[in-house]
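All of the numbers you see were taken from the coordinates with simple rules; none came from a lab. What you see is a predicted model, and the numbers here were worked out from it, not measured in a lab. Neighbour counts run over all protein chains shown; Cβ positions are idealised from the backbone, glycine included.
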Amino acid sequence: FVRLLAPVLPLRYHAVSTRAVASTMLEAALQARAGLRIIESEQIAH
């Protein structure tokens, strides 16, 4: 059902694979920028 709606849903509501989340978190950690960092769903490769 969700796959049928995917074309009309904003990226924020699409499923993100655990591998993509882990990869994005690792990248962010390796950059080691100071302060709070929020990574939105749209910024993670789906």
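Quick look at the values:
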| quantity | calculated |
| --- | --- |
| HIS14/ARG37 FRET efficiency (R0 30 Å; Cβ-Cβ; nearest 0.05) | 0.90 |
| Options [x] 12.4; [y] 13.4; [z] 12.0 - which one matches Kirkwood radius over Cα pairs in Å as calculated here | [z] |
| The chain, dipole about Cα centre (Lys/Arg Cβ +1, Asp/Glu Cβ -1), debye to the nearest 20 | 60 debye |
| Where a label projected 7 Å from the Cα of ALA6 along Cα→Cβ would reach, residues of segment 19-46 with amide N under 13 Å | 46 |
| 10 Å Cβ shell holding at most 12 others, DSSP loop, trypsin sites (Lys or Arg not before Pro): longest site-free stretch of the chain | 1-32 |
| Angle in degrees between helix 18-31 and the longest Cα principal axis of the chain, rounded to the nearest 10 | 30 degrees |
| Computed [θ] at 222 nm, helices only, for the chain once each DSSP H run of length n ≥ 4 contributes -39500 (n - 2.57) | -11000 deg cm²/dmol |
